[in-house]
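What follows is one structure encoded as structure tokens, with my remarks underneath.
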Amino acid sequence: MSEFGSFSPLPRREVGAGVRGLSHPLLYPLTPAPTSLRGRGELCPATLRLTDAALTSWDAVVIGAGPSGTLAAYELARRGIQVLLVDRAAFPRWKVCGCCLNSKALATLHAVGLGGITEHLGAVPLRDLRLASAGKEARLPLAGGVVLSREAFDAALVRAAIAAGAAFLPQTRATLGVVLSEGRVVVLHQDAALVTVLAKVVLVADGLGGSLLARAGMASAHAVAGARIGAGVVVGAASPFFQHGTIYMACGEGGYVGLVRREDGRLNLAAALDAASVRAEGGPGRVAARLLAEAGWPLPANIAAAAWKGTPALTRQAPHVAAERVLVLGDAAGYVEPFTGEGLAWALATGVAVAPFAARAADHWHLALARAWQCRYTQIVGRRALCRALAALLRRPALVRALIRLLARTPAVARPILCSLGQGTRCPPAFPLGSHA
Ligand SMILES: Cc1cc2nc3c(=O)[nH]c(=O)nc-3n(C[C@H](O)[C@H](O)[C@H](O)COP(=O)(O)OP(=O)(O)OC[C@H]3O[C@@H](n4cnc5c(N)ncnc54)[C@H](O)[C@@H]3O)c2cc1C
């Protein structure tokens, strides 16, 4: 039986082919260019105008150009599907993230022909994890992962999707509209301008804080009770104490904060914190500064007062990851606290896996596709039991300190856990992708 149950995937069409109805074809790259990974740091411009998007009948509209949406758009474009990728942000854009790609994420990129992307962008190979709490520290060897800024990574994926044939509209906010017999309406806003487009299928990849489903009256991902919130900041010229290739993770009362040095030398901080601690201590910067000080590490200058950006509650799961002519993926479908650094691997894997379902839906929508995507999604992310267990452990600082003492004496104890999280030296194979013809 195929991954669709009773359905079978559509055959791929020629890469970059099949762009129907565009009134400005010159704005649209029809052939994938080997130069797609160039242009690091440069703006990713729109490939068409808003009005042109409205004149086109789209097989698929992907809302959200994070890693999940962009990889889905890339895969659909490679199949010759007419796909529009939309994001409210301009790219490159920064987002709160620990910036660590584990070996599962890298294997997914490799499987879809984007294996060179991280090296090209100068990603920093990860060597070890320093885990500290209240002055106790353990050092664990890591292999197979890299550090890469989200500005560089996400923009490179957008360029790859465009080169494969996807149309791209940045600085465009989307909302879901009604279902008609021939597709679902998507409303696109650019400043005061507003158009509607029709898509045979809509991929919702609007991330953790996305409100597309809720605004359309559909059941969206609800945070679990007591879920921690995320926060992050990037600072320059930090202490030379923080080395390239090391994750510095400080845990304690109220949460944990991770630091890595990025490929551009700047320091990326990302934290999962109790909302109550953030309120009581006067902001995420102050909680992070306390956790780092308790770990015995130097404080990057002005860290408490820096302009931290927050996220909504982290751990959440959508009751359904499909609705009529809608498939949900990435963080929009569900997420678990970031300690294990698997979010990007899940986002990329669901971005790849959704493509054959979306291709089929563009040909003919059927409710069975929604059920089949729900099953496939669950297979990919599993029950995230290990991630949830670690998140629960991290709420018990005394246990964390005991574990750190154990790991400091016997680092090998951590190896099976690191391996199953895609962070170890001999890791299991990546997610069974199963979606590439
Ligand atoms: C503190 C923290 C640390 C983390 N650290 C790591 C780590 O080290 N490693 C790891 O693998 N993962 C990590 N993650 C998780 C990782 O960042 C996410 O899992 C990943 O970004 C999910 O990708 P996505 O494509 O689903 O969503 P996103 O990357 O969030 O992209 C969603 C996109 O949708 C756009 N959007 C939203 N609404 C609309 C709209 N209405 N119209 C148009 N566009 C819209 C947004 O602008 C955004 O660009 C961390 C997360 C947090 C919070």
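Quick notes
- Applying 1/(1 + (r/R0)^6) with r as the Cβ-Cβ distance of Thr196 and Arg405 and R0 = 60 angstrom yields a FRET efficiency of 0.50.
- Residue-normalised convex hull volume from the C-alpha trace of the stretch 293-399: 137 Å³ per residue.
- Only Cα sites of the stretch 27-177 enter the Debye sum here, all with the same form factor; the resulting log10 I(q)/I(0) across q = 0.13 1/Å is -0.61, listed in q order.
- Derived scalar couplings between HN and Hα for the stretch 298-309 equal x, 8, x, 4, 6, 5, 5, 9, 4, 7, 5, 10 Hz in order, rounded to whole Hz, by the Karplus curve 6.51 cos²θ - 1.76 cosθ + 1.60 (θ = phi - 60°), x for Gly and Pro.
- Amide N of the stretch 307-335 lying under 16 Å from the label point, which is placed 7 angstrom from the Cα of Ala392 along Cα→Cβ: 315-316
- This ranking places Ile162, Ile303 by how few other beta-carbon atoms lie within 10 Å of each, fewest first, which gives Ile303, Ile162.
- Qualifying aspartates and glutamates (Cα of each under 13 Å from Cα of Lys200; at least 8 residues distant if same chain): Asp59, Glu182, Glu324, Asp363
- Charged neighbours of Arg290, selected by a Cβ distance under 15 Å, balance to -2 (K, R count +1; D, E count -1).
- Sequence-distant lysines (8 or more away, or on other chains) whose Cα lies within less than 23 Å of Lys309: Lys95
- Of the residues Trp58, Trp346, Trp297, the one with the fewest other Cβ atoms within 10 Å heads the list, and the complete ranking is Trp297, Trp58, Trp346.
- Residues Phe168, Phe242, sorted so that the one with the fewest Cβ neighbours within 10 Å comes first: Phe242, Phe168
- Here the Kirkwood formula, the inverse mean of 1/r across different C-alpha pairs, assigns the stretch 120-201 a hydrodynamic radius of 17.2 Å.
- Sequence-ordered 3J(HN,Hα) estimates for the stretch 193-199 from the Karplus curve with 6.51, -1.76 and 1.60 and θ = phi - 60° stand at 7, 9, 9, 10, 10, 10, 10 Hz, glycine and proline given as x.
- Estimated translational D of the stretch 179-281 in µm²/s (Stokes, Kirkwood radius over Cα pairs; 20 °C; 1.002 mPa s): 121
Only the coordinates and a few stated rules stand behind these numbers; no lab work does. Small disclaimer: the values here were computed from a predicted structure and weren't measured. All Cβ positions, glycine included, derive from the backbone under ideal geometry; neighbour counts span all protein chains shown.
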